[in-house]
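Here is the structure we will look at, set down as structure tokens.
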Amino acid sequence: MTHHPHKAKGCQMSNDKEKTEQAVDEITGYVACTGIDIGGTFNKIKKGKDQLSPVFEAVANALDSIEGKYPSDGKESFENKDDYITITFHYAPVLFNGGTCEFKNITIEDTGAGITVADYRRLTRLNDCSKGRFSKGSGRLQFIKFFKETIFTSVFKDDRFKSGKASRECSLSEYLSENAFVKNMAPKEAEPDANVGTVVTFLGPRNNSGNYYNNVSISELKERFISHFFIRLSQIDFFPTINIVFKSGERVTDETQITHNDIPEPKVREEFSLSYKRASLTKEEKVQWKESKKEEEKFEVFVFLLPENTLDKNQECFVSRGEQVNDAGLKLAKSSEKINGLNHYFVAITGRYIDNHVSDARGELDIPTKASVKDTLLKKRESLLEYEDNDEYIVIDRIQERAREICVERLPELETGRKELRASVETICARYGISKKYGEEALKRLTTQDEKKKIFKTLYQTQAVEMAKKEAALDFTFDEILTLDSKNAEYEECFREKTDEFFRTIPEQNKETLAHYFARRRLVVEVFERILKREMDVQKDAKRSEDERLIHNTLFRQRTANPRQSDLWVLDEEFVYYSGTSDTPLKDVEFNGKKLLRDLSDCSEEDREYLASGGENRTRKRPDILLYPEEGKCIIIELKSPEVNISDCLGQVNKYAGLIYAYCADELPINRFYTYVIGENLNFRDVRLTDSLYKPARNFGYLYGMRAVVADGKPDADQYMEAHSYSTILERAKLRNKIFFDFLAMTEEDI
């Protein structure tokens, strides 16, 4: 960086670089950049997302400047209790707008060491990072991103003057015509009693950012400043008083302070280390992680518990140089949730690794994630036929996971949310037949704020990864069996060993698959039971007639014709394998692509009169469920509302059987019927008084019987009859599920 030769005044140029840089401090005018295009450089630097970014940067610089006045003993402290930083938001009164104020500018005044010669040189050098180990030298460029002009007025110690002090004024802006961003007034002697320090003034907010300052409250600003500088201030024995002031014209309208009393001791402070890992991509496009020999990185977690008047919501952040830079994403609890009903928590994660990954935009981290590492590897694979990946990572996912573990371990107050999450995961695992070991693994990646959709996704991803490993191992074993050399002396032993392994693995995988299947069946049984108990929300204000529809749709959805997509297994395991229809008029029922009933034109006049007698159209009657196990056989199931007495409905299935037998198409002769009347109000005596052909079955809670189905001009057909209660069917379905789980040997550890 050198000054512009046409604008410099009071400066004699030299070819010696050191002398030139010293002269820059003494010039008045623009300090032009050589070899750098200012406009292009600014465009490449992102603007920070936080409206307070430039103010935070200025306050951080003020803290650095005050600290710089005192000898460093390895511990940050400000020994002079009279030191202060005052942030003033200036507003211009607008009388014609109801007395409200309009944002004008911001000043940050401090009692630091001032902008010394060394500080000024850093200011004029783009990307100068000599200020500190983790300084990127780009923070001041955020001033230009947010404000049209930033003015520095400073008094500092300077032995070049008799008084021992100097004052300077300089400004930052996009001086594109001069290819500069600094305009300087040469230092001049200050009075001996002048107070050392700096005033930074932000003028002309860009892109309507002034609207934020018009609406922000002083209490919100105090909370934001505390949360942003939390860690830095908590590590200082004595720090300067930080004043926040609102001014309308010259009148102070509101003010507050941040003092040492506002910064409590951390509830938790714990270090942890993470190793670097090298990533590689398999042929199946999966990322494999291997340990690196690179030295581990150390991190530190701080947790503060604060009352609501200090912190109005839970916060989790990454912190660099004592300043909040990014949301940590731990999601230990809901943002509004109070710990012990009293406090919100503030979690901060710090470390050199975080400092090294703060972006130029400030308030942002460029730490890779597992997903971004995979994307990088995929791009490398696309661009290069062969490559050796030497990149080493500590992904943000691992930092979050370890920090989350520490917080939960050290803070029992946070355990409530984790217990609820664990209970939710365990319920889902039990309900859907997912192994508990997958639940434990998924819990490591879940947070208390995750919704059920995320829980399911994580569980099944965890399971899929393990299943993929098992399948790959199984396939590998299969290939090994096929390629064994029968001439080898150890052939028989190897063959026995590999086949044992192969046939031992298959049942285990089958067991997990079947567990899912029967777990889903258990859900159907649970829904069925809740309908019978009238515990479904839809039943609360519905009429009893709604119950029959719910039961029907649970077993076999109405107006459908695919039993394989039904849950008729609740009634009988074999029912789902038959052809059939649900709630379909007899005239529309088809079997094997042919109409079940003859066309009316093929019927006699007497038959047509009968089918329409009494104002009925008997061909439009709709049995609840019709099934065809094989040619010549038909199953008729009638489902009744729970409050209906089954004995009043026994004749209904008999009529259906008679109609089908008398008028079935010649191509579909049916002569054997199996009929089921099912409801909840089943009284054995009522049934037998209505139809003495029904007899109680021993030990199974239902009635059965046989009768003849008659039709003119045909020999009698057979009808096997049963009458059941829903409760009995439900208990039998539960028992069948239990038998299957017992057969699979599913223990509490398995599911």
Ignoring everything but the protein chains, give the 1.4 Å probe accessible area of LYS380 in square angstrom, nearest 10.
50
What is the Cα centroid distance between the stretch 413-452 and the stretch 295-352, reported in whole angstrom?
23
Looking only at lysines whose Cα falls under 17 Å of LYS738's and that sit 8 or more positions away or on another chain, we get LYS511
Average silhouette area of the stretch 643-751, convex hull of alpha-carbon atoms, in square nanometres
10.2
Here the tail fraction of P(r) beyond 17 Å, over all Cα-Cα pairs of the stretch 177-233, rounds in percent to 70
In Å², what does the accessible area per residue of the stretch 627-735 work out to with a 1.4 Å probe?
47
Here the Cα Rg-to-2.2 N^0.38 Å ratio for the stretch 259-409 is 1.23
Taking all protein chains together and a probe of 1.4 Å, list LYS293, LYS444, LYS247 from the most accessible to the least accessible.
LYS293, LYS444, LYS247
Using a cut-off of 17 Å between alpha-carbon atoms, which aspartates and glutamates can reach LYS47, once sequence neighbours fewer than 8 places away in the same chain are excluded?
GLU57, GLU149, GLU174, ASP360, GLU364, ASP366
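Just add up the charged neighbours of GLU149: K/R +1, D/E -1, any other residue whose Cβ is under 11 Å from the Cβ of GLU149. List each step's numbers first, then the result.
Numbers: positive: LYS148, LYS183, ARG206; negative: GLU174.
Here the count lands on +2.
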Give the span of the chain's Cα atoms along each principal axis, as three whole-Å numbers ordered largest to smallest.
133, 90, 51
From the helices alone, meaning DSSP H stretches of at least four residues, give me the mean residue ellipticity at 222 nm for the chain, per-run term -39500 (n - 2.57), in deg cm²/dmol to the nearest 500.
-11000 deg cm²/dmol
Heads up, I need the accessible area for ASP500: 1.4 angstrom probe, whole protein in place, Å², nearest 10.
80
Where the stretch 281-433 is the region considered: accessible area per residue in Å², 1.4 Å probe:
52
Probe radius 1.4 Å, ligands and nucleic acids ignored: give me the carbon and sulfur share of the accessible area of the chain as a rounded percent.
47
With the radius of gyration and the Kirkwood radius both derived from the Cα set of the stretch 264-342, what is their ratio Rg to Rh?
1.12
About its Cα centre, what dipole magnitude does the stretch 211-275 give when the only charges are +1 on Lys and Arg Cβ and -1 on Asp and Glu Cβ, stated in debye to the nearest 20?
140
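Write down the accessible area per residue of the stretch 535-602 in Å², having rolled a 1.4 Å probe over the full set of protein chains.
Result: 57 Å² of accessible area for each residue.
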Over what distance in Å are the Cα centres of the stretch 660-716 and the stretch 171-200 separated?
103
Just to be sure I understand: of the beta bridges DSSP finds with both ends in the chain, what percent are antiparallel, rounded to 5?
80
May I ask you to rank ARG381, ARG698, ARG557 by accessible area, largest first, using a 1.4 Å probe over the protein chains only?
ARG698, ARG557, ARG381
Rounded, prolate or oblate: which fits the stretch 516-563 when a ≥ b ≥ c are the square roots of the eigenvalues of the alpha-carbon gyration tensor, with rounded for a/c under 1.5 and prolate only if a/b beats b/c?
oblate
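Tell me, rounded to the nearest percent, the portion of alpha carbon pairs in the stretch 455-608 spaced more than 20 Å apart. Could the numbers behind the result be given before it?
Details: 8442 of 11781 pairs.
Taking all Cα-Cα pairs of the stretch 455-608, the fraction more than 20 Å apart is 72 percent.
The values are calculated or read from the model by the stated rules, or taken from the named source; none is laboratory data. Nothing here was measured: the structure is a model prediction, and the numbers come from that model. Note that we place each Cβ from the backbone using ideal geometry, even for glycine, and neighbour counts take in every protein chain shown. When the accessible area is computed, the model is the full protein with side chains, heavy atoms only, and any ligands, DNA or RNA have been set aside. Shrake-Rupley method; radii C 1.70, N 1.55, O 1.52, S 1.80 Å.
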